[in-house]
Amino acid sequence: MKTTALHYNYVKTNDLNIFYREAGPKDAPVILLLHGYPTSSFMFRKLIPVLAAQYHVIAPDLPGFGYTESPDPAQYHYTFDNLAKAMQGFIDNLKLKRFAVYIFDYGAPTGLRLALANPEKITGIISQNGNAYEEGLGNAWTPIQKYWKDESPENRNTLKEFTSSKMVKFQYQTGVADTSLIEPEAYLVDQHFLDLPGHLDIQLDLMLDYRSNVALYPKFQAYFRDKKPKLLAVWGKNDPFFLPAGAEAYKRDNPNAKVKFYDTGHFALETHAQEIGADILEFMKDLPK
């Protein structure tokens, strides 16, 4: 009997305890869900039951987020290369041979690194506000881009505001017509982890290293052109960080890309989980097993 019961597990990977949520039949095709900033796999709480009726759904927390082990940044270098290395160890430990990957925000450059390293494993890509094009970067990135160019303590301190409760709520609520649809638990859980000792520096380190993702955009785009993976972009069109142009750009390099916009913001699953879930289920029908 198929079940959508959600399980909460850990697996040891590269000396880190990786936490992950898992649901759905073990013999079904796999969908790997990769979260973004400042959240965790908790962001998929509404989507997982929709997908798990037909698919084996796995949603890990990245190092520095949620319940995954978060070493002191003095001992662990928080870069996107290392996040991808942790996720490579994760998929290796779980022996995932083939999977579709859902990429959102920070999960996009992490997941696309996995795709570059394991093109044979990727059956398809679902990008929910997961950017791979410079034209997709909104003006909200300006203070972060300033830090990329000048790593001064002043520029680093300016970015502390991004981890404030005001800014976290801004990410959830901006572009949402009816903010009463946003569960306050969502941003309260995020804030809990952001406020843990050492986590401020973890996030500032990752904001600095995000420039490495922009440097990799040409390689990601070459992957889209060369491998032409089945790709569905499901995009909150009012996202101040990742603009609709970033979604449309997928079609430039990949004729297999399908793009759909929703009248919501950055965290599109908060308001449109059922609609996005239905579109993913339709998309999954055409993917190779």
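General observations
- Computed from the C-alpha gyration tensor, the three semi-axes of the ellipsoid equivalent to the range 204-255 are 21, 17, 8 Å, from longest to shortest.
- Overall form of the range 122-250 per C-alpha gyration tensor (a/c, 1.5; a/b vs b/c): oblate
- Heavy-atom accessible area order for L47, L200, largest first, 1.4 Å probe: L200, L47
- Cα-based convex hull volume of the range 63-206 per residue, rounded to whole Å³: 144
- Taking all pairs of distinct alpha-carbon atoms in the range 102-165, Kirkwood radius in angstrom: 13.8
- Cross-link check: pairs K146/K219; K149/K228; K26/K85; K97/K237; K149/K169; K85/K228 evaluated at a Cα-Cα cut-off of 29 Å; pairs beyond the cut-off: K149/K228; K97/K237.
- Summed side-chain charge close to T79 - residues other than T79 whose Cβ falls under 10 Å, Lys, Arg +1, Asp, Glu -1: -2
- Highest mean first, the peptides 274-281, 179-186, 62-69, 81-88 sorted by other C-beta atoms within 10 Å per residue fall in the order 62-69, 81-88, 274-281, 179-186.
- The phi torsions of the range 37-54, fed into the Karplus equation with coefficients 6.51, -1.76 and 1.60 and a -60° offset, translate into couplings of 8, x, 9, 7, 4, 4, 5, 9, 4, 8, 7, 4, x, 5, 7, 6, 5, 10 Hz, rounded to whole numbers, with Gly and Pro shown as x.
- Ordering of 170-178, 106-114 by packing is 106-114, 170-178, highest average first (other Cβ atoms within 10 Å, averaged per residue).
- Extending 7 Å from the Cα toward the beta-carbon at both H77 and K219 defines two label points whose distance is 1.4 nm.
- Semi-axis lengths, largest first, of the ellipsoid equivalent to the range 219-283 are 22, 15, 8 Å, with √(5λ) applied to each eigenvalue of the Cα gyration tensor.
- Each helix, a run of at least 4 DSSP H residues, gives -39500 (n - 2.57); summed and divided by the residues of the chain, these come to -12500 deg cm²/dmol at 222 nm.
- Kirkwood Rh and Cα Rg combined as Rg/Rh, the chain: 0.93
- Separation of alpha-carbon centers, the range 169-197 and the range 103-124, rounded to whole Å: 26
- Taking only the C-alpha atoms of the range 181-223, Rg followed by Dmax gives 15.3, 40 Å.
- Across every direction, the projection of the convex hull enclosing the Cα atoms of the range 1-120 has a mean area of 6.8 nm².
- Translational diffusion coefficient (Stokes-Einstein; Kirkwood radius from C-alpha pairs) of the range 178-289 at 37 °C, 0.692 mPa s, in µm²/s: 199
- Lys, Arg +1 and Asp, Glu -1 on Cβ, resulting dipole of the chain about Cα centre, debye, nearest 20: 1100
The values are calculated or read from the model by the stated rules, or taken from the named source; none is laboratory data. What you see is a predicted model, and the numbers here were worked out from it, not measured in a lab. Neighbour counts run over all protein chains shown; Cβ positions are idealised from the backbone, glycine included. Just so you know, the surface numbers come from the protein's heavy atoms only, side chains and all, with ligands and any DNA or RNA stripped out. Shrake-Rupley method; radii C 1.70, N 1.55, O 1.52, S 1.80 Å.
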